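Input: a single structure, listed below in structure tokens.
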Amino acid sequence: MKLFFSDTQLDHRPKQFMVHGRIVDPFENPDRVTALLGALEPLELAPTEPVDFGRAPILAVHADHYVDFLQEAYDRFMELPSHGPEVLPSIHAYRGAGPDLAPRGPPRPTGILGRAGWYVGDMACAIMEGTFRAAYASAQAAIAGAEAVLAGEQAAFALCRPPGHHAYADRASGFCFFNNAAIAAEILRRSFAKVAVIDFDTHHGDGTQAIFYARADVFYGSVHTDTSAYYPHFAGYAEETGFGEGEGANLNLPLAFGADDEAFVDANHRLALAVQAHGVDAVVISAGWDAHKDDPLSRLSVTTAAFARIGEVWGKLGLPTLIVQEGGYSLAATAEAAPAFVAAFREAAAV
């Protein structure tokens with residue numbers, strides 16, 4: 001199994017994150033990568049520098065005007081009088097509740113404050129000088145992993161940071177700028193008739209769901225904390241099953257606060273059965289370790305042992321698989337959960 005990662009992904013070093021009405025040090029920071037690389041080293045997973053595949057794979061998922069915004073936002077924000085250290089929105093455009101089915105056109109406002117309110121969905125996506133470079137490099141890691149699977153690798157690991165599953169086609173949210181898993185799934189569709197994106201991050205991947213919600217060729221399945229009182233709040237409900245051609249190709253399995261290993265593992269089993277029922281040919285796994293009970297954002301009671309068990313579940317499917325890094329904000333919990341999952345996956349898949 002190859003692991004794809006670039007040091008450029010460390011260039012995003014935000015200083016601000018609003019949680020519960022307070023500006024705090026961001027949980028999503030470069031230390032996450034350092035801890036994860038160290039934890040995976042005993043499994044002989046050394047990072048491979050991704051090839052730069054350019055913007056085309058990103059633009060297959062994301063609106064061009066959104067990509068342009070991310071690239072120039074910091075410079076434009078720094079031109080404001082009395083600007084802060086990073087781009088943060090002070091106003092948000094109304095988009096309506098529920099999954100967005102398509103990106104919108106560019107915003108009517110031309111000023112940076114209006115554009116930030118259009119393209120940035122919350123206060124978790126501070127944009128600094130190195131953010132675009134890091135997000136672009138993170139997407140390239142996912143692209144390289146998908147290309148490796150297309151080239152015949154049974155499995156690969158894209159250590160994507162910043163993460164991606166909250167990013168919509170034209171909106172950054174929840175620490176995410178480019179939707180790495182969605183970009184990878186789109187690439188895999190070149191050779192595989194049906195692809196699944198399976199998400200066991202403790203947060204629902206609302207961006208991924210929205211991108212594929214009206215499509216039948218990409219199945220999206222997620223186990224996550226019940227969003228009725230938890231981020232991302234406006235999506236992730238069991239009754240969201242797809243739209244139009246995508247009806248039936250979306251499965252959400254929300255877990256109640258305090259859900260334990262058995263509930264978490266059972267939901268992954270159910271997702272695996274759904275993948276088989278849909279005749280999926282390849283899988284992208286949005287792998288977040290923040291369901292772990294020791295994660296600062298977790299409201300579940302999931303232990304390290306559960307991650308080993310679900311690694312076996314997904315490895316046993318025997319499908320070409322790309323693992324894409326998403327959340328996980330306790331360095332200690334991530335250093336336990338990630339290698340437990342990967343080791344069990346590799347043993348079950350014999351890769």
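Just so it is clear, none of the values below were taken in a lab; they were calculated from the coordinates. What you see is a predicted model, and the numbers here were worked out from it, not measured in a lab. Cβ: placed from backbone, ideal geometry, glycine included. Neighbour counts: every protein chain shown.
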Mean shadow area of segment 6-91, taken as a quarter of the surface of its Cα convex hull (nm²)
8.4
Relative packing of 149-161, 79-91, 201-213, which averages over residues the other C-beta atoms within 10 Å, highest first:
201-213, 149-161, 79-91
Helical mean residue ellipticity (222 nm; -39500 (n - 2.57) per DSSP H run of 4+; nearest 500) of the chain:
-11000 deg cm²/dmol
Run the reach check for K194 against lysines, Cα to Cα strictly under 19 Å, same-chain hits fewer than 8 apart removed. What comes back?
K316
Relative contact order (%) - criterion: Cα under 8 Å, at least six apart; region: the chain
18
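Before anything else, pin down the relative contact order of segment 118-177: Cα pairs under 8 Å, at least 6 apart, normalised by residue count, whole percent. Mind dumping the intermediate values first?
On the way: 71 pairs, mean separation 27.6, N = 60.
Computed over segment 118-177, the figure is 46 percent.
If you restrict to DSSP beta bridges whose two residues both lie in the chain, what percentage is antiparallel, to the nearest 5? Write down the numbers at each step before the final one.
On the way: 6 of 39 bridges.
Taking every DSSP beta bridge with both residues in the chain, the antiparallel ones total about 15 percent.
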Students often check this: by mean Cβ neighbours within 10 Å, which of 117-125, 249-257 ranks highest, and how do the rest follow?
117-125, 249-257
Here segment 50-58 yields Karplus 3J(HN,Hα) values (6.51, -1.76, 1.60; θ = phi - 60°; whole Hz; Gly and Pro given as x) of x, 6, 7, 8, x, 7, 3, x, 5
Under 5 Å between amide hydrogens, which residues at least 5 positions from S173 or on another chain qualify, with H placed 1.01 Å from N in the peptide plane?
G121, A167, Y168
Formal net charge of residues neighbouring V275 (Cβ-Cβ distance under 14 Å; K, R +1; D, E -1):
0
Would you kindly derive the ³J(HN,Hα) couplings of segment 144-153 from the backbone phi angles with the Karplus curve 6.51 cos²θ - 1.76 cosθ + 1.60 (θ = phi - 60°), listing them in order in whole Hz, with x for Gly and Pro?
4, x, 5, 5, 5, 5, 4, 7, x, 5
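Show me the ranking of peptides 220-229, 185-194 by mean Cβ neighbours inside 10 Å, starting with the highest. Write down the numbers at each step before the final one.
Details: 220-229: 22.0, 185-194: 19.2.
Going by the mean number of other Cβ atoms within 10 Å, highest first, we get 220-229, 185-194.
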List every residue whose amide H lies under 5 Å from the amide H of K2, counting only residues 5 or more places away in sequence or on a different chain, with H placed 1.01 Å from N in the peptide plane.
F157
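Treating only the Cβ of Lys, Arg, Asp and Glu as charged (+1, +1, -1, -1), what charge dipole size does segment 2-349 show about its Cα centre? Round to the nearest 20 debye. List each step's numbers first, then the result.
Working: 24 positive and 43 negative charges, 103 e Å.
The dipole of segment 2-349 has a size of about 500 debye.
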Just want the answer: with Cβ charges of +1 for Lys and Arg and -1 for Asp and Glu, which residue in V324, S286, C125 is farthest toward the dipole's positive end in the chain?
C125
Spatial separation of Cα centroids for segment 162-183 and segment 1-64, in angstrom:
12
